[in-house]
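What follows is a short report on a single structure.
The values are calculated or read from the model by the stated rules, or taken from the named source; none is laboratory data. Just so we're clear, the structure is a prediction, and the values are computed from it rather than from any experiment. As a convention, Cβ positions derive from the backbone with ideal geometry for all residues, glycine included, and neighbour counts pool all protein chains shown. The area values use the complete protein model at the heavy-atom level, side chains included, leaving out ligands, DNA and RNA. Shrake-Rupley method; radii C 1.70, N 1.55, O 1.52, S 1.80 Å.
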Amino acid sequence: MNHIAADKSTPAADPGALPKAYEPQAVEEKRYKFWLAQGCFIANPARVNSQRPAYSIVIPPPNVTGVLHMGHVLNNTIQDILARKARMDGKEVLWLPGTDHAGIATQAVVEKTLRKQGVIKHRDDIGRDKFLEHVWAWKEKHGGIIINQLKRLGCSCDWTRERFTMDPAYSRCVQRVFVELYRKGLIYRGRRIVNWDPAARTALSDEEVDMIETKGHLWYLKYPLLDDRGQPKANEYLAVATTRPETMLGDEAVAVNPKDNRYTKLVGRKALLPLQNKPIPIVADDFVDPKFGTGCVKVTPAHDPNDYQMALRHGLPVTVVIGPDGKMTREAGEDFDGLDRMEAREAVVEELTEQGLLLKTDDYIHNLGYSQRSHVPVEPYLSEQWFLKYPSVNQAIACVELGRLADKSVSVVRFTGAELSGTDRAELRESALSLAREQGWIGKSFPNEDTGWQILVRRKSLSHAFNNRNAVVIRAVAALPELIRTAVLWRSEPHQPPHPRFKRVHHFLGALELAEELYCVPIMVKELADGRMLYDYKAIRAAPGGKPLVAHLPKEKLGIQPAPNVAVVNVADLLAGVNFPMTGVICFHPERWAKTYAHWMTNLRDWCISRQLWWGHRIPVWRRKYLKTDLRRSPRLAEAFWPVDRISSLVENAQRPSTASAGEPKLSEKQTPGRPEARYEWHVVAEDSDSIEIEAVTDSDAAAEYLVSQGFTQDPDVLDTWFSSWLWPFATMGWPEKTDTLARFYPTSDLVTGPDILFFWVARMIMAGYEFMGQPPFRNVYFTGIIRDKLGRKMSKSLGNSPDPLELIAKFGADALRFGTMRSAPLGQDVLFDEKDVELGRNFCNKLYNACRFRLMHGKTTAQIANETLSEIQPALLVNDDHWILSRLDQAIREIDAAFAQYRFSEVTSTLYRFFWNEFCDWYVEATKAALYGPDTARKNNTLAVIDSVLSRALRLLHPFLPFVTEELWHGLECNLRFPTDAGRETIMTAPWPKPFSQAEKKRLGLDAAAAQTADAKYELVGKGRNLRREFNIPPSKKLKFALKPAGTPAQSDVEVLRVLLNAESVDVDPGFAPPKGTPMASNSFGELYLPLAGAIDIAAEKARLRKELAKAQAEIARIQSKINQPLFAQKVPPHVLEEHRRRLADWRARETQINNALIGLPG
RNA sequence: GGGCGCAUAGCUCAGUGGGAGAGCACCUGCCUUACAAGCAGGGGGUCGUAGGUUCAAAUCCUACUGCGCCCACCA
């Protein structure tokens, strides 16, 4: 089709010259270049302040050195669909692309390559700077690959704004954020047991560890008991069980449960640690579960997080026996020093066996942590690391909880306000109490429909409400049972502070209309330990902003449905109306991920953010140790740099050495001499009798330089990659400057990502968004499924089941890949990928192409037809086939809009597929051949106008999914010439999204149900007629004459259409047709269609066929009849259902009669 | 141990209270002048099991079975 638009001077060239099949390769490249040249993807700064609504997405940045896989295809196709749809909706769209430096992954790849090339054995061989040069070179070489692949897929990102997480500006954001959180005391350094990856030799966060069920053993070891003189006692020992015998070399105690009678008398005595021959104490600790193993636990403080905690509790020493490389240390004893931990395990077991200290070995299955990156078992490792206490947690929890409610509605409870008497609060209170007493509400439970819970009301519940609250709150008592019944649950949280009686607190939301004013009623319900739900009226409380949450709401703001008795209000509207901080609503799609999110968010542990790597953002902290004698001797040394009073007081008051810990560090701010803008902050992190250690932090390069010049050294560690990724939505838009881009495009509209990085990325972005922007970073999060192969296995390199998307594009075209993927990716489900899907996409593109080719065969389009208003169509000339397709189009647009609103892309594609292929091509286009090959020119032109209208809309509806072929055909059909400048003239990308027909348009075009039904019946009869032909084995080549005995009076066009669709020589209409006996017949509400056969009729066959049909009709009749005959059916069923059943019954009965008549007509 | 999800045609999945659907696969016949990457016709399902609610259940409730995912410090 590229031939069509290639040369504008010869539009609509001879279609016969077009290739018979769509050839995507040339078109895709040409069209992508065209879009780039036109600047179609650019979020135009000139338009930044225009009136268009903004729409924005930030790409989940792929690994800079990665290559495109099917997960990317799914993810980015969805984003592109959203972006293209938003442009067609008239929005100003920013889709911001970029890449991630991906610390561990990239470093590992480069290190491995260098090792392979023989350049190094280990990265230490060339040193940090040299190694980083290699990584940057690698990045320059491979960094563009995935970006180009995204372009091949058709992604409409604003490439002028491409970002990389190690861009200088981005790095400054990371530093600034670090400093800010450090200053707030949220970032701290601590000595802890962390997850250690011995292969990559770095710490990992908890999220980077995969727990994998692993077969292992449980070894039971004998630790001899020592008597009070320190001598081992014969035959007296403690048995301990362990999965990791090699760690026993670092044991410092044996722990038992203090309530375990078997061992209590031993507490305080000592045991002999075998192999090390070291006496270790026996301690009592609640952690020990007496029922597991032997009830005795060996305590290895340096290599187990629980043991470390026990060591802290009991003041035990810490002996490190496994080093950072996963090999045993000198402390492990000379027999084991230098052995790998796994070798050491065998050696220890062997040695213990020899000494008769191994009691037994059981097979044991347990969960073992593996590094997500290097796939080796992680080692709990005691080390000094940086940690972050997550910021803005409560807001981050609340906004998503609210999001869960956004689609929900709550019924409005209506009261007049006259239920209670009284003019002041005291009187109202009395009235409310006596009403409650009279009604017997106190001490009673009421059901809540949203949760099914029974909620208990007590007198105290009520009186809570009466203190310091306004009269509305008291009046609301009159509505109590109704409010409890209708309120919806929106949030649950643990009771604060923890209380043994109360488990959780549940927040409900009700809506109350009182004296014709609408109120939002938050209700708090406490869940007691025994499971009872206690209504606590104190709940009507002030909102977080201090504003009363119960407030008057203007009704017109709210989407209240005009039902006479039960009004329903959308919860999001309700909350918005009371100034609840709803700026923060995030909706998850599918919604259920909100639960997973909430669970994780309420069980947060501090994030280990330091990594012992070289590729990444260096931690902006510098340290230097000062000898106190030096400082005393040379006050100038201190004075030059530190405020003299502060330092001298530190030196004089010999404080106890202290280490930094969580909490506000006492920071002092200082300017760099001569550079007042270059600031740093410092504090004392460690002090002993001889020296103090100073730690300084800054995000200023100048200050950093100065610190180095003063003998400070920078922390060698880098930050976790996700510590830069979590800033992505605003760091890419110019933060911390107040840029136009931020003002216009933050918060972003949609985020599209996989649920596997919900914790890594999404949750952290939400917290960062609140902390640094005061707003969450996006409104909607769409979670894709995981792409699997057609057997349901995850795609992986080792299985070889991961197809190369670029090969698929080369074979089938990018549009085909997009369409096929989207069609098989339902919301919230994993995608079982099959190349067949792409093939289907290719076939669909071809169908689209050929339908347009068919159109062009019938002459070129003219400027006045196919415009947006359908004014080219003359309603008087429309036949019911035209009405039918226009109705189907209208219906399709409505379905597509609804599916888009719910992010159900697979439904959009199946609707498009059904509409275009089954409805438009299979029925309508075939039916138009009657008119197009007919003699009536006016009708022919009108038919072409309908085709053009439908095609121009179908192309636009398809464009988000099939950008290339639709753009090509848009120009090929010259749709562009008929659309205004900047709205479809240059490109389909900016053409307006088709709207369903208005009532006025429908009326003008004569689109009513009757016309469409006539066409439906006609097509159904065609199907039956074709079936007759098959049943009687009449080859399609044989032209047949059908006879039609119509039920009504069909139009001439209907008869022509019947003839064309039946591939008949003629269809003779004869209301009084008397068929020869045994003439095969098919019938429905359109009429009776006869297939008069000239030759011999197989009467037996026709009889059998009719009997089969009759049986079916009778079965249906019996079924409907039995339903209607149910005694209660007519009473209880809604009228329209009853009507429907009666109509169906009548239809089937008519069919029964027709068939019976035909059977009677048969001889024999 | 806790949480979430899934079970409908041979396969992959739509279908949230009222006549069991789509695509692929399969069978039959067609190179009919847009398209064989196509056209036409057809076969195929007691909707995982057992109860319950309802006039009415694939759909709502309960239990069970099987599969999948996530979280969790029992050595």
(message) Quick check on my filter: what residues within region A:423-463 are within 16 Å of RNA strand B (Cβ to nearest atom), open to solvent by 90 Å² or more (accessible area, probe 1.4 Å) and of a type in the set (S, T, N, Q)?
(response) A:454
(message) Looking only at region A:615-641, filter to residues that are surrounded by fewer than 21 Cβ atoms within 10 Å (Cβ to Cβ) and in a loop (DSSP other than H, G, I, E, B); which one of those is modelled with the highest pLDDT?
(response) A:634
(message) I'm trying to understand the selection: among the residues of region A:760-784, which are farther than 17 Å from residue A:59 by Cα and not aliphatic (A, V, I, L, M)?
(response) A:770, A:771, A:772, A:774, A:775
(request) Mind listing whichever residues of region A:113-122 are assigned to a helix (DSSP H, G or I) and either more than 15 Å from residue A:137 (Cβ to Cβ) or among the hydroxyl-bearing types (Ser, Thr, Tyr) (or both)? (result) A:113, A:115, A:116
(request) Given the conditions (1) on the phi > 0 side of the Ramachandran plot; (2) within 16 Å of RNA strand B (Cβ to nearest atom), report the number of the one that residue A:366 does not fulfil. (result) (1)
(request) May I ask you to say which residue of A:348, A:320, A:297 is surrounded by 14 or more Cβ atoms within 10 Å (Cβ to Cβ), away from RNA strand B (no atom under 16 Å from the Cβ) and either among the basic types (Lys, Arg) or within 28 Å of residue A:376 (Cα to Cα) (or both)? (result) A:320
(message) Kindly evaluate residue A:232 against the criterion of being more than 16 Å from RNA strand B (Cβ to nearest atom), surrounded by 15 or more Cβ atoms within 10 Å (Cβ to Cβ) and free of Cβ contacts under 8 Å to residues at least 60 places away in the same chain.
(response) yes
(message) Looking at region A:821-849 only, could you name the residues that are of a type in the set (D, E, K, R) and either near RNA strand B (Cβ under 7 Å from one of its atoms) or touching a residue at least 24 places away in the same chain (Cβ under 8 Å) (or both)?
(response) A:823, A:830, A:834, A:835, A:836, A:839, A:842, A:847
(request) Could you figure out which of (1) in contact with a helix residue (DSSP H, G or I) (Cβ under 6 Å, 6 or more places away or on another chain); (2) within 14 Å of RNA strand B (Cβ to nearest atom); (3) at pLDDT 90 or above isn't true of residue A:914? (result) (1)
(request) Restrict the check to region A:1127-1148 and report whether at least one residue is within 30 Å of residue A:1062 (Cα to Cα), within 9 Å of RNA strand B (Cβ to nearest atom), modelled with pLDDT of 85 or more and open to solvent by 100 Å² or more (accessible area, probe 1.4 Å). (result) yes
(message) Name the residue that is farthest from residue A:362 (Cα to Cα), counting only residues in region A:236-259 that are assigned to a loop (DSSP other than H, G, I, E, B) and near RNA strand B (Cβ under 9 Å from one of its atoms).
(response) A:257
(message) So, in region A:387-409, exactly how many residues are at pLDDT 85 or above and assigned to a helix (DSSP H, G or I)?
(response) 2
(request) Pick out the one residue from A:88, A:70, A:1 that is open to solvent by less than 20 Å² (accessible area, probe 1.4 Å) and at pLDDT 90 or above. (result) A:88
(request) Output yes when any residue across region A:213-223 is open to solvent by less than 10 Å² (accessible area, probe 1.4 Å) and within 16 Å of RNA strand B (Cβ to nearest atom), and no when none is. (result) yes
(request) Filter region A:1115-1126 for residues that are open to solvent by less than 80 Å² (accessible area, probe 1.4 Å) and more than 7 Å from RNA strand B (Cβ to nearest atom) and give the result. (result) A:1115, A:1117, A:1118, A:1120, A:1121, A:1122, A:1124
(message) Let me spell it out: the conditions are (1) surrounded by 22 or more Cβ atoms within 10 Å (Cβ to Cβ); (2) assigned to a helix (DSSP H, G or I); (3) among the aliphatic types (A, V, I, L, M), and residue A:132 meets all of them except one. Which number is the exception?
(response) (1)
(request) Kindly indicate which of A:73, A:67 is of a type in the set (A, V, I, L, M), touching a helix residue (DSSP H, G or I) at 6+ places or on another chain (Cβ under 9 Å), part of a loop (DSSP other than H, G, I, E, B) and touching a residue at least 12 places away in the same chain (Cβ under 8 Å). (result) A:67
(message) Residue under question is residue A:1103, and the condition is that it be without any contact (Cβ under 8 Å) to a residue 12 or more places away in the chain, in a helix (DSSP H, G or I) and surrounded by 11 or more Cβ atoms within 10 Å (Cβ to Cβ); does it hold?
(response) no
(message) All but one of (1) open to solvent by 20 Å² or more (accessible area, probe 1.4 Å); (2) more than 8 Å from RNA strand B (Cβ to nearest atom); (3) in contact (Cβ under 8 Å) with a residue 60 or more places away in the chain hold for residue A:853; state the number of the condition that does not hold.
(response) (2)
(message) Can you pull out every residue in region A:908-948 that is over 21 Å from residue A:1020 (Cβ atoms) and acidic (Asp, Glu)?
(response) A:936, A:948
(request) Test residue A:330 against the stated conditions and say whether it is surrounded by fewer than 16 Cβ atoms within 10 Å (Cβ to Cβ), more than 21 Å from residue A:241 (Cα to Cα) and within 14 Å of RNA strand B (Cβ to nearest atom). (result) no
(message) Can you report the number of residues in region A:587-607 which are touching a Leu at 6+ places or on another chain (Cβ under 8 Å) and open to solvent by less than 10 Å² (accessible area, probe 1.4 Å)?
(response) 2
(message) Within region A:892-1003, considering only helices (runs of 4 or more DSSP H) that don't extend past its boundaries, which have at least 2 residues that are among the β-branched types (Val, Ile, Thr) and either open to solvent by less than 50 Å² (accessible area, probe 1.4 Å) or farther than 27 Å from residue A:813 by Cβ (or both)?
(response) A:905-913, A:937-958, A:963-972
(request) Please state which one of A:736, A:729 is away from RNA strand B (no atom under 16 Å from the Cβ) and either assigned to a helix (DSSP H, G or I) or open to solvent by less than 10 Å² (accessible area, probe 1.4 Å) (or both). (result) A:729
(message) Quick check on region A:260-267. Is at least one of its residues among the basic types (Lys, Arg), within 15 Å of RNA strand B (Cβ to nearest atom) and within 48 Å of the chain's Cα centre (by Cα)?
(response) no
(request) Tell me which of these residue A:475 doesn't satisfy, since it passes every other one: (1) modelled with pLDDT under 70; (2) not in a strand (DSSP E or B). (result) (1)
(message) Checking the structure you have, find out if any residue of region A:182-197 is of a type in the set (Asp, Glu) and without any contact (Cβ under 8 Å) to a residue 12 or more places away in the chain.
(response) no
(request) Output the qualifying pairs, or none if there are none: Cβ atoms under 9 angstrom, residues six or more apart or on different chains, first residue in region A:1110-1126 and free of Cβ contacts under 8 Å to residues at least 24 places away in the same chain, second residue more than 11 Å from RNA strand B (Cβ to nearest atom) and open to solvent by 70 Å² or more (accessible area, probe 1.4 Å). (result) A:1124/A:1142
